[in-house]
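The values are calculated or read from the model by the stated rules, or taken from the named source; none is laboratory data. None of these values were measured; they are calculated from a predicted model. Reconstructed Cβ throughout: ideal geometry from the backbone, glycine too, with neighbour counts over all protein chains shown. Surface accessibility is based on the protein's heavy atoms, side chains included, excluding ligands, DNA and RNA. Shrake-Rupley method; radii C 1.70, N 1.55, O 1.52, S 1.80 Å.
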Amino acid sequence: MPTNADRRVALLTLGCARNEVDSEELAARLAAGGWAVTTDGTDADVVVVNTCGFVAKAKQDSIDTLLAAADTGAKVVATGCLAERYGEQLAGELPEADAVLGFDHYPDMAARLDAILAGEKIASHVPRDRRTLLPLTPVARREAVEVVVPGHLPAHLRGVMRQRLEKGPVAPLKLASGCDRRCTFCAIPSFRGAFVSRTPDEVLAEAEWLASTGVRELVLVSENSTSYGKDLGDPRLLERLLPQLAAVSGIVRVRVSYLQPAETRPGLVEAIATTPGVAPYFDLSFQHSSEPVLRRMRRFGSTERFLELLDSVRKLDPDAGARSNVIVGFPGETREDVDELARFLTEARLDAVGVFDYSDEDGTEAADLPDKVSESDIKKRYDWMSALAEELCAQRAADRIGSHVEVMVDSLDDDAVEGRAGHQAPEVDGSTTLVEGGGIELSSLRPGDFVRARVVDSVGVDLVAVPIEMISPADS
């Protein structure tokens, strides 16, 4: 067995930005326990795979990663959403994993890995509905929260428990954990638990720490950012927190993600659209726009209500960005429902649309709904809606030609300088390529520079722009 100084653990992360934060919190715990933490499975003693369990493809990607990790000869540990959701079942079906550990194992993960490396057998996680672990009433959760949200002692009291695994000018910052909504297609609340906000002091402390590591843009993540503060007794808390985050020294842009349309209040719309330093960016989880489908999903809204919401955004900032995800093939969906969704997307002028084909998820109410759409019809609808969304989003990008955008420089190579405008979140919304022709030489730019640029072309959802003014250099 390697000595303490030689123990190496590789953390491999799949899924969303929330998982990225979980991995960086785990990295800090493991480093404090004497482990050298890396993201490279080569020569690691233990490979920890932070899995995703959202949809079928994500599950398969997680299993494939676990199997590949086992081929390295290292001990393999499954954690994250897939492990939390299936626990013992996953362990039984995947003997290549040396352990399947759930969220409750996170506080003492270093000791667990010590034992696994020593050849001890750790009992696999036993799944349970985590929604039942906290009081039903959000404001009654504060006293019980430390039991079910590992490491929830506020950062300003304990110091930030996080170690960055990927360097760069952008980082996710977790606002909250869990979700109180009961969408019939979604299993996330059952294994992520009830909604719990982090306190503003904790969020601000971590924002300051991230800024000290070179982060320039914060991406606020949670299962539902519009619920932030309701368990703290103040559902308008995010509106007051945003200016404070934007004022953190070194931070030049704050971006909010995961907004529920039914909870997106006018005050929050105004705060996001008009607060200096906050990206006018609306990541709205529409999922569909036909009222009958939305009701079966146990969601609220309609084409007209969603268009009114987008109109309220654009009255405050005509160039504001908006993106969403939609599901086709939900049980009971008719061709008329699909046509209604197409009408909405055509009129919504979204910058990015993720299209998902419905599939039954274990433990969800939708899995037992009648009137299933055939797999062949789901595929046809998915192909059509994907093509429509691609065309519409490309047109929205083309409409931005001639406008000015504020671009965060992400990366440089010999051929291109890549960054993102305010309507482009990392990895999901396209990018902006900076080219010569403005008032700034490309050779002078570095990751983290924040520049104003003029859009001169578009390619699909991506923009091409010339930088014309330095707003804030990376070393400012």
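Key figures
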{"item": "Test result for Pro276, open to solvent by 20 Å² or more (accessible area, probe 1.4 Å) and in contact with an Asp or Glu (Cβ under 6 Å, 6 or more places away or on another chain)", "result": "no"}
{"item": "When residues of region 39-56 are limited to those that are open to solvent by 10 Å² or more (accessible area, probe 1.4 Å) and of a type in the set (A, V, I, L, M, F, W, C), the one farthest from Asp362 (Cα to Cα)", "result": "Ala44"}
{"item": "Set Leu442, Leu434: member being crowded, with 16+ Cβ neighbours inside 10 Å, among the hydrophobic types (A, V, I, L, M, F, W, C) and at pLDDT below 95", "result": "Leu442"}
{"item": "Hits in region 327-347 - residues which are touching a residue at least 60 places away in the same chain (Cβ under 8 Å) and out of contact with any Asp or Glu (no Cβ under 8 Å at 6 or more places or on another chain)", "result": "Phe330"}
{"item": "Selection from region 219-237 of residues that are of a type in the set (D, E, K, R) and either touching a residue at least 24 places away in the same chain (Cβ under 8 Å) or open to solvent by less than 10 Å² (accessible area, probe 1.4 Å) (or both)", "result": "Glu223, Lys230, Asp231, Arg236"}
{"item": "Residue list for region 385-416, restricted to those being over 26 Å from the mean Cα position of the chain (by Cα), farther than 15 Å from Val459 by Cα and at pLDDT 95 or above", "result": "Ser403, His404"}
{"item": "Residue identified as among the charged types (D, E, K, R) and surrounded by fewer than 20 Cβ atoms within 10 Å (Cβ to Cβ) among Arg240, Arg253, Arg216", "result": "Arg240"}
{"item": "The listed residue being farther than 18 Å from Val219 by Cα, in a loop (DSSP other than H, G, I, E, B) and out of contact with any His (no Cβ under 9 Å at 6 or more places or on another chain), out of Phe300, Phe306", "result": "Phe300"}
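Residue by residue, here is whether (1) modelled with pLDDT of 90 or more; (2) over 30 Å from Gly250 (Cβ atoms); (3) out of contact with any Lys or Arg (no Cβ under 9 Å at 6 or more places or on another chain); (4) of a type in the set (Gly, Ala, Ser) holds:
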position: Lys75; (1), (2), (3), (4): yes, yes, yes, no
position: Glu84; (1), (2), (3), (4): yes, yes, no, no
position: Tyr106; (1), (2), (3), (4): yes, no, no, no
position: Lys121; (1), (2), (3), (4): yes, yes, yes, no
position: Thr132; (1), (2), (3), (4): no, yes, yes, no
